[in-house]
Every structure is written in structure tokens, then in C-alpha cells.
Amino acid sequence: MRGCFITLEGIEGAGKSTQAQLLANYLQSLGKPVHLTREPGGCRLAEEIRSLLLVPRSEGMPPMSELLLMYAARAAHVEQTIKPLLAQGTWVICDRFADSSYAYQHGGRGLALGPLDALNHMVLGDFAPDLTCIFDLPPELGLTRAHKRSAADRFEQESLSFFTRARAVFLERAKHNPNRYWIVDATQTADTIQTQLQNRLASLLQN
Ligand code: Z5A
């Protein structure tokens, strides 16, 4: 039986990585084969592209280059990691996926939606997550959490308004497809959020 593909999305510092690890532990405790992965990254080529994308650059990076690198990484990640694992029956939990390209490269950078939709279709076709969890919180709080943790990467150096636009795109996308998206208040404690997430998963676990 095919595994489930679950993506965790949200702005910087929303708690995605924390929840992804807790979720993987929970599914393993239920006896499910689980693979935890991330974007950009998740296979050798995509991890190399991740380094190119995250390192701060004095000359900047054109938004279109950024978008194409995200999808170059995603194409490899989907073909080499995600699809083969799902076909074996493994549950795949991915820290960020295509919704981040809509939030950051469209919402944040202002790239037009039409070409992004076309690129997304060219790379993914009809392939999409079974469940996308949006960890929602005010950008001020997310950035405070993230900055406490480590030095700022190229994205973390962006302005508050950049993350405000990204957040709005996540919420807008979720509104149009409530079957696939689930929005959670990420200002709550990590334990409370994990309990809510496990409850949300009940229907997927029954299938
Ligand atoms: N990007 C893009 O532009 N387009 C794309 O298509 C894709 C990505 C796929 C990847 O950065 C960057 O790539 C990302 C968007 C861009 N940059 N931004 N912004 P990344 O993977 O390095 O960073 P991230 O995805 O934003 O992750 P993050 O900063 O690690 O945040 P997080 O995973 O959501 O949070 P966390 O690591 O679980 O927690 C952050 C801190 O908060 C940590 O100290 C925790 O202990 C704490 N925490 C976690 N949960 C809580 C709760 N509930 N309460 C209090 N404190 C908490």
C-alpha cells in the first residue's frame, strides 16, 4: 500500500522542524515506516542546491534563478527520494514543499502566478501531498524564535513585510482547498500542537 505524503509549511520559526520530528516519532511508535525529509534538499543533488540557495550573497540572487533552483532541487527530491519511498509504503514527512515556492517566490518575491503554476505542473504534474499542515503565527514571533537559534541565512535576512506576504499566501492557498490543508495556531506550545496534529491524522491512519 502506498505511504502518505505529509508536508509541513509556514514561515520561519513556525516550529515545522520540531513538529516534523515529533510526528515521525509518533508514526514510528504506531509501527509505520517513516522518512523525514526537507526542502530545499532531501537528496544529494538537492542538498547541494540548498547550499547555493541559503548562503548570503553580496550580489543577491535574481528571483527567477531562486525559483528555478527550488524546482531543480524539487524535481530530484521527488523522483529520487519521495516517490520511491511512497511506492514502498513508507510515510514521507517533508519540512516544506511546493507551497513554500508559492509563499516565498510569488508572495515574498512577487513573481507572477501564471509561470509558477506552469513550472509547478511541469515538475510535479498532478503529484501533491495527501496533507499539508500550515503552522501559522505572526512573523514577528517566528523571526524572534529563529534568530535566537542561529545566524541568519539568506532568507532570514528578509524584511518583516516579506514574511507577512508569505504568510498571507499560505493562508490563501489553504482557504481554497480545505481537504488538503490544515491550519494550526503555531503560537501554542509544541505539545499542544502535536496533540492536535495527531488528532488530525486519525482519518489518514484509518485508510
Ligand atoms: N524556501 C523558499 O523560498 N522556497 C521554497 O520552495 C522552499 C524553501 C522549499 C529554507 O530554510 C528556506 O528556503 C526558507 C524558505 C525558503 N527560509 N525561510 N524563511 P530552512 O529550512 O533553513 O528554514 P525554515 O524552514 O524556515 O525552518 P526554521 O527556521 O528551522 O523554522 P521551523 O522549522 O519552522 O522551526 P523550528 O526549527 O522547529 O523551531 C524554531 C525555534 O523555535 C527553535 O528554537 C524551537 O525550539 C522553537 N520552537 C518550536 N516550536 C515552538 C513552540 N511551539 N513554542 C515555542 N518555541 C518553539
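The values are calculated or read from the model by the stated rules, or taken from the named source; none is laboratory data. Because the structure is predicted, anything quoted here is derived from the model rather than measured. Don't worry about glycine lacking a Cβ; one is built from the backbone with ideal geometry, like all the others, and counts go over all protein chains shown. The protein model used for the area step is the full one, side chains on, heavy atoms only, and it has no ligands, DNA or RNA in it. Shrake-Rupley method; radii C 1.70, N 1.55, O 1.52, S 1.80 Å.
For this structure, a couple of remarks:
- ³J(HN,Hα) computed for each position of region 181-194 - Karplus, 6.51 cos²θ - 1.76 cosθ + 1.60, integer Hz, glycine/proline x: 9, 9, 9, 10, 6, 7, 7, 6, 5, 4, 5, 4, 4, 5
- Prolate/oblate/rounded label for region 23-153 (Cα gyration tensor, a/c 1.5): oblate
- Our coupling estimate for region 139-155, obtained by passing each phi through the Karplus curve with A = 6.51, B = -1.76, C = 1.60 and θ = phi - 60°, is x, 4, 6, x, 5, 4, 4, 5, 5, 5, 8, 7, 5, 6, 8, 4, 6 Hz, Gly and Pro reported as x.
- Amide H contacts of residue 34 (H built 1.01 Å from N, under 5 Å, at least 5 apart or other chain): 91
- Pairs of Lys residues in the chain, spaced 8 or more positions apart or belonging to different chains, with C-alpha separations under 21 angstrom: 4 in total.
- Normalising the average separation of contacting C-alpha pairs (under 8 angstrom, six or more residues apart) by the number of residues puts the relative contact order of the chain at 33 percent.
- Segments 158-170, 22-34 sorted - mean Cβ within 10 Å per residue, highest first: 158-170, 22-34
- Long-range HN-HN contacts of residue 11 with modeled amide H, under 5 Å: 137
- Mean-position separation - Cα centroids, region 59-116 and region 128-173, in angstrom: 16 Å
- Candidates 37, 90, 18: whichever shows maximal mean-square fluctuation once the chain is modelled as a Gaussian network with Cα springs under 10 Å: 18
- Surrounding net charge for residue 47, when Lys and Arg each add one and Asp and Glu each subtract one, Cβ distance under 14 Å: +2
- The 3J(HN,Hα) values that the Karplus relation (6.51, -1.76, 1.60; θ = phi - 60°) gives for region 115-131 are, in residue order, x, 5, 4, 5, 5, 4, 5, 5, 7, 9, x, 8, 5, 8, x, 6, 8 Hz. Gly and Pro appear as x.
- The helix-based estimate of mean residue ellipticity at 222 nm for the chain, built from -39,500 (n - 2.57) per DSSP H run of four or more residues and divided by its residue count, is -15500 deg cm²/dmol to the nearest 500.
- On a per residue basis, the chain carries 47 Å² of accessible surface, using protein heavy atoms and a 1.4 Å probe.
- Carbon and sulfur %, accessible surface of the chain computed with the full protein complex present, 1.4 Å: 55 percent
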